[in-house]
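Reviewing the structure listed below.
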Amino acid sequence: MCRAIKTLHNFSPPATDDEIRASSLQFVRKLSGVTKPSKVNEAAFNRAVDDVAHAAHHLLDSLVTNAPPRDRAVETMKARARSAKRFGSAQAIATGHNHN
């Protein structure tokens, strides 16, 4: 899975239109292999982003879960902790000294 695409299901507050669109853009970029389409492909690219965002909205609206919604702040802290564990602290990366 593309690391830039974030899980959007079952959060409080729910995913915003901007978050869904950003994930859709990342998905289309991954599929097409380009980050910015040429002029000749721009309409098709943008239409694909719109279509994926539309499908994502339907998916998120249709999913059912019994799990309590996840808290965005808590999930952000967990992601930062995973990143620090994986890559070390910013200072360790900058100096080339990783003390794991």
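Find out how many positive minus negative residues lie around Glu42, taking Lys and Arg as positive, Asp and Glu as negative, among other residues whose Cβ is under 14 Å from that of Glu42. Mind dumping the intermediate values first?
On the way: positive: Arg29, Lys36, Lys39, Arg47; negative: Asp50.
Combined, the nearby Lys, Arg, Asp and Glu give +3.
Between Glu19 and Lys39, the FRET efficiency estimated from the beta carbon spacing at R0 = 22 angstrom works out to 0.20. Label point of His57 set 7 angstrom out along Cα-Cβ; within the range 8-31, amide nitrogens under 16 Å from it belong to 14-25. Sorted on the mean count of surrounding Cβ atoms within 10 Å across their residues, most packed first, peptides 23-32, 79-88 read 23-32, 79-88.
Read-outs: derived from the displayed coordinates by stated rules, not from any lab. As the structure is a prediction and not an experimental result, all values here were calculated from the model. Neighbour counts are summed over all protein chains in view; Cβ atoms, including those assigned to glycine, are modelled from backbone coordinates with ideal geometry.
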